[in-house]
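**Student:** Let me begin by handing over the structure; questions about it come next.
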Amino acid sequence: MSRVNAHDTQPARPPIIVSACLLGLTTRYNGADCRREAVVALAGDCVLVPVCPEQLGGLPTPREPAEINAGTGEDVLDGRSRVANRLNADATAPFLRGAEAVARLAELVGARRALLKEGSPSCGVRQIKRAGRDVPGPGVTAALLRRKGVQVDGIG
C-alpha cells in the first residue's frame with residue numbers, strides 16, 4: 001500500500017459507503033444481488049466501501065425478509081417502532097447494530113457520502129417497503145447516516 005505525502009499531486013479518491021448488493025455481492029435477504037453498473041463504474045473515481053448493514057448486524061444470508069412495522073427508520077432509531085421479519089420475529093436489534101456498524105465505518109474511513117439500495121428497511125433513502133407497497137421515508141441505516149451528517153443517496 002502506498003503512502004500519501006504532501007508532495008503528491010493526485011487528489012485522494014473520496015471514500016463512499018455503498019450497499020454491497022449494488023456492487024454485485026450476494027448480500028440481499030434472498031441471497032441475490034442487484035448490481036448496478038453505474039455504481040460499479042464509480043470505482044475509478046472513488047474508493048467504494050461495500051456494506052450490508054443486515055449482515056453487519058449479525059443476520060445471515062439468506063434471511064427472512066423484514067419490514068419496519070410502522071413509521072420509518074427514524075422511528076426505529078427513536079424506539080417508536082420495530083423491525084420484524086415475515087414470521088413476526090423481532091429483528092430490531094440486528095438492524096440497529098448494523099446501522100451503528102456502518103456509521104462507525106463511515107467515520108473511520110472519512111466517508112461523507114453513501115449510495116444505498118432504495119426500498120430496503122436498512123438502506124432505503126426515500127422509500128421503504130411495507131406489505132408490498134412503497135412507503136415514504138428512510139430505512140434504519142439511511143436515517144442514522146443522515147443524523148451523522150453523511151449525504152445519503154438512494155439507488156433503485
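**Student:** Out of the residues in region 24-45 meeting the condition of being outside any loop (DSSP other than H, G, I, E, B) and not β-branched (V, I, T), tell me which one is surrounded by the most Cβ atoms within 10 Å (Cβ to Cβ).
**Tutor:** Among those residues, the one meeting the criterion is L42.
**Student:** Restricting attention to region 102-142, which residues are within 10 Å of the chain's Cα centre (by Cα) and outside any loop (DSSP other than H, G, I, E, B)?
**Tutor:** V102, A103, A114, L115, L116, K117, V140, T141, A142
**Student:** May I pose another question? E54: buried (at least 24 other Cβ atoms within 10 Å of the Cβ) and among the acidic types (D, E), yes or no?
**Tutor:** Considered against the rule, which asks whether it is buried (at least 24 other Cβ atoms within 10 Å of the Cβ) and among the acidic types (D, E), E54 comes out as yes.
**Student:** Restricting the search to region 128-142, which residues are farther than 17 Å from R28 by Cα and surrounded by fewer than 22 Cβ atoms within 10 Å (Cβ to Cβ)?
**Tutor:** The answer is A131, R133, D134, V135, P136, G137.
**Student:** Could you tell me which of the residues R63, R3, R86 is modelled with pLDDT under 95, over 21 Å from L145 (Cβ atoms), touching an Asp or Glu at 6+ places or on another chain (Cβ under 8 Å) and surrounded by fewer than 20 Cβ atoms within 10 Å (Cβ to Cβ)?
**Tutor:** Checking each option against the conditions leaves just R86.
**Student:** In region 38-89, what residues are of a type outside the set (S, T, N, Q) and under 16 Å from A131 (Cβ atoms)?
**Tutor:** Answer for region 38-89, where residues must be of a type outside the set (S, T, N, Q) and under 16 Å from A131 (Cβ atoms): E64, P65, A66, E67, I68, A70, G71, R82, V83, A84, R86, L87.
**Student:** Shifting gears a bit: Within region 96-110, is even one residue over 26 Å from P60 (Cβ atoms) and of a type outside the set (K, R)?
**Tutor:** Yes, there is a match, as at least one residue in region 96-110 is over 26 Å from P60 (Cβ atoms) and of a type outside the set (K, R).
The values are calculated or read from the model by the stated rules, or taken from the named source; none is laboratory data. Computed from a predicted model, the values in this text were never measured in an experiment. Ideal geometry is used to build each Cβ from the backbone, glycine not excepted, and the neighbour counts take in all protein chains shown.
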